[in-house]
1. List the distances, in nm and shortest first, from the label point of residue A:83 to the matching label points in every other copy, placing each point 7 Å from Cα along the Cα-to-Cβ direction.
2. Taking the highest mean first, how do the peptides A:28-40, B:15-27 order by number of other beta carbon atoms within 10 angstrom per residue?
3. Would you work out if the protein assembly as shown is rounded, prolate or oblate? Take a ≥ b ≥ c from the square roots of the eigenvalues of the alpha-carbon gyration tensor; rounded if a/c is under 1.5, else prolate when a/b is larger than b/c, oblate otherwise.
4. Between residue B:61 and residue B:157, 0.36 nm times their residue separation minus their Cα-Cα distance comes to what?
5. Could you work out the helix-only [θ] at 222 nm for chain A, with each DSSP H run of four or more residues adding -39,500 (n - 2.57) and the total divided by the number of residues, to the nearest 500 deg cm²/dmol?
6. What nm value, rounded to one decimal, do you get for the distance between residue A:111 and residue B:34 when each label is placed 7 Å out toward the C-beta?
7. When you look at the Cβ of every residue in B:173-179, what mean number of other chain Cβ atoms sits within 10 Å?
8. Quick check: the angle from helix A:128-152's long axis to the longest principal axis of chain A, C-alpha only, nearest 10 degrees?
DNA sequence: AGATGATTAAAACAATTGTTTTCAACAGGC
DNA sequence: GCCTGTTGAAAACAATTGTTTTAATCATCT
């Protein structure tokens with residue numbers, strides 16, 4: 001069949017595999033997480049993974065890229081919004097910092113916690129495949145952030161800006177490790193946790209802002 | 001034999017395995033790095049690993065703990081030195097920042113680059129064993145850093161101090177990823193690279209100091 | 001020299017890995 | 001109604017994993 005009406009059958013197996021793979025990879029890593037772990041978690045047969053995706057590598061690629069996209073979009077959107085709001089003037093450093101921090105914290109503490117975990121695993125670049133994906137996907141966003149920071153901090157060299165931007169990302173990611181255990185469906189999240197995340201965002205923004213606009217050397 | 005004279009035989013095989021394991025684990029991770037990878041790199045037999053260490057897990061533990069110790073010692077020593085030099089007054093924030101940054105950069109760019117790589121892999125805590133080791137080994141040092149920062153920044157709550165300290169560590173580690181490829185035995189290191197590392201240290205200290213002493217919220 | 005125990009080498013082990021095969025169930029188009 | 005191609009389950013595949021076994025080699029002490 002040409003898959004004319006993917007109404008009821010499509011979201012089932014394939015989506016279950018993708019969701020289960022994300023969790024398994026986050027918990028055990030890309031290499032240690034086996035396809036059988038995933039099939040068990042998704043309650044599907046072993047062959048299903050090689051049927052829907054051609055191999056484990058392809059599954060990794062699709063899971064990873066699919067998970068990354070919303071994060072990229074959120075950060076990109078936050079950056080644009082921050083520029084738009086201050087236009088025609090340039091945004092303040094703290095606003096740029098918040099555009100960097102808030103999406104990461106909110107997504108990393110919520111629905112996309114597993115993706116963040118994977119992102120951090122990948123940073124040391126054991127798997128060339130995932131390293132390449134990260135660089136491809138995040139490259140443009142990083143460049144735009146550094147470009148904007150360069151305008152805001154004309155006294156700093158571009159390499160110094162890039163290093164400070166790296167520091168900022170590292171600070172946020174390190175904080176995410178210890179962050180509240182997500183639970184996007186927890187009922188209590190509307191109160192306690194969101195408040196905590198708001199405080200975390202404020203604190204991170206303060207740290208990152210101060211670091212970014214430190215006097216040049 | 002009771003190994004009375006470990007002169008010539010001891011440093012051979014066992015040390016070769018440890019060194020090879022460190023490299024393999026840094027390149028491929030604890031789970032993906034196989035004992036056969038290690039035996040090949042160390043030019044020893046497969047059984048040697050289970051002879052000298054009882055299992056792969058034990059090898060991981062020993063390699064990891066042995067690698068961590070010099071790092072802990074360096075950071076601990078730098079902190080003490082920084083306190084001693086300013087005594088009886090309290091050290092400046094920038095001095096504390098340097099005590100945090102310099103050992104990590106110098107070790108992480110030199111002989112202990114592989115350990116640093118492993119340290120970053122471990123941060124997401126897939127392997128409970130390694131996570132426990134990190135917490136055990138680094139716990140005391142972290143506490144002393146936070147204690148000192150608390151005295152220097154009495155207006156901040158302890159949780160805020162802890163978060164900023166986390167940010168600082170994250171900033172340094174993130175920078176280490178992109179750092180010069182080590183090569184502890186390279187001849188040219190005495191000039192070009194050491195200068196670069198010195199500049200990196202200065203820049204990191206500036207970023208971290210500014211972040212640490214940002215105004216409270 | 002002979003004996004003892006440490007060390008290494010080669011082969012085999014059972015378990016687990018990713019992947020393939022085989023076959024059954026099911027849908028819609030001719 | 002038969003046939004198409006998609007979906008799914010069970011079993012088997014070859015390769016690789018950590019580990020063990022077996023036997024040979026080596027050094028040292030008596």
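1. 4.8
2. With the highest mean Cβ count within 10 Å placed first, the list reads B:15-27, A:28-40.
3. oblate
4. 31.0 nm
5. It comes out at -24500 deg cm²/dmol, rounded to the nearest 500.
6. With each label placed 7 Å out from Cα toward Cβ, I get 4.0 nm.
7. What the average comes to for B:173-179 is 5.
8. Once rounded, the angle reads 20 degrees.
Read the figures in this text as sums done on the coordinates, not as results from a lab. Computed from a predicted model, the values in this text were never measured in an experiment. Quick reminder, even Gly has a Cβ in these numbers, built from the backbone with ideal geometry, and neighbours come from all protein chains shown.
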